[in-house]
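The values are calculated or read from the model by the stated rules, or taken from the named source; none is laboratory data. Every value quoted in this text rests on a predicted model; they were computed, and no experiment measured them. Neighbour counts run over all protein chains shown; Cβ positions are idealised from the backbone, glycine included. For accessibility, only protein heavy atoms count, side chains too; no ligands or nucleic acids. Shrake-Rupley method; radii C 1.70, N 1.55, O 1.52, S 1.80 Å.
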Amino acid sequence: MRPFAYSHPPTLDAALGAIGPAARPLAGGTDLLTLIKADLAAPESLVNVKALLPGGVQAKPEGLEIGALATLAELEEHPVVRDGYSALAQAASLAATPQIRNLATVGGNLLQRPRCWYFRNSRIDCWLKGGEDCPARDGENRNHAILGGGPCYAVHPSDIVPALMAFDAAVRIVGPAGERWVELADFMQAPREERRTETVLASNELVAGLRLPPHPEPTGSVYLKAMERKTWAFALAGVACALRFSGRKIAHARIILSGVAPVPWRATAAERELLGREAGEDRFAAAAEAALQEAQPLRHNGYKVPLQKALVRRALKTLTERQCS
């Protein structure tokens, strides 16, 4: 780990004036400090923002507001989240160990970097770290992307981001130019040549929080994921699903896939298969096929296609039985 300076600005404006490409903001630090220790990030200074950004979870008439410093444990345990946004509570509960959930922040979870073994090895040149190519494309790629891959094939590790996207969350960003709101689906963007990160956040901006719009009743939701071990592992494949019914017909659908793309993947083709249709096993199978119709597995991760389809079918069946029985 390389030496760095540390500052504790008294105001948010002072912090925004201090951060940039060489000065990184520090809140929970569960991912950033790991990157620094592994020599994958080498900021000249860390800027403490723990006392400057909002935390907590609040239910308001305009929706659910989540501060950037809210912890995963707060999402898991908050009664409004558990009752009205259950997929988000489930995703938070599956994200990590209890110790990490009590420290890791929502803002940091949005901004965490991939767990790809090529990216996390400081001795290996990879495209995401400024190299010329992605070694996973022709290498050991059993955990890598089957959707939206290239030029990077790492998958996004977050569990809560797919759930937040299923509820049409928006992100509040603060920077030198003031405040702006960005839909989470637009905030999360696959890396490109000119921006080798998974979000559109500028280096002199901070995530201040999120807002989830109120959902008409009854909207059910669920988050499912498959892991290499029973608990506290990153998703090999996962799905956040939100459904609302009118009788037996599906009036609203959101299906977001996790663990299979560089950023959480909205399965819009699967949603179209469901909207206005009567729920049933054949319809669920058609939606699962549509969700993976663009899949392009690599040499070692073809197993993800049937695994992801099974998770989509199970999520749809679970919500149907819960809401229509």
For the range 219-324: accessible area per residue (Å², 1.4 Å): 44 Å²
Loop sites in the range 214-282: GluC sites (Glu not before Pro), DSSP, at most 15 other Cβ within 10 Å: Glu228
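For the chain, with only Lys/Arg (+1) and Asp/Glu (-1) charged at the beta-carbon, what is the dipole magnitude about the Cα centre, in debye rounded to 20?
Details: 38 positive and 34 negative charges, 142 e Å.
In debye, rounded to 20, the chain gives about 680.
Quick check: at a probe of 1.4 Å, how many percent of the accessible area of the range 219-324 sits on carbon and sulfur atoms? Walk me through the intermediate numbers first.
Working: 2150 of 4680 Å².
Heavy-atom surface of the range 219-324 belonging to carbon and sulfur, 1.4 Å probe: 46 percent.
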Surface share of carbon and sulfur [accessible, 1.4 angstrom probe, percent] for the range 1-154: 51 percent
Which listed pairs, of Lys225/Lys304; Lys50/Lys129; Lys225/Lys249; Lys225/Lys317, have C-alpha distances above 18 Å, in listed order: Lys50/Lys129; Lys225/Lys249
Top positive-direction residue, dipole computed over the chain with Cβ charges, set Thr199, Gln308, Met188: Gln308
Residue-level accessible surface for Tyr6, protein heavy atoms, 1.4 Å, Å²: 130 Å²
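Can you order the peptides 206-212, 312-318, 53-59 by their average number of other Cβ atoms within 10 Å per residue, highest first? Provide the component values of the computation, followed by the final result.
Working: 206-212: 23.1, 312-318: 20.3, 53-59: 17.3.
Put in order of decreasing packing, that is 206-212, 312-318, 53-59.
Which order, highest average first, do 286-297, 99-110 follow once you tally other Cβ atoms within 10 Å for each residue and take the mean per peptide?
On the way: 286-297: 19.1, 99-110: 20.8.
Ranked from most to least packed, the peptides come out as 99-110, 286-297.
Which order do His300, His8 take when ranked by solvent-accessible area (1.4 Å probe, heavy atoms of all protein chains), largest first?
Values: His300 75, His8 115 Å².
Ranking His300, His8 by accessible area, largest first, yields His8, His300.
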Compactness of the chain, expressed as Rg and Dmax over alpha-carbon positions, Å: 19.6, 62
Shape of the range 184-319, Cα gyration tensor, a/c cut at 1.5: oblate
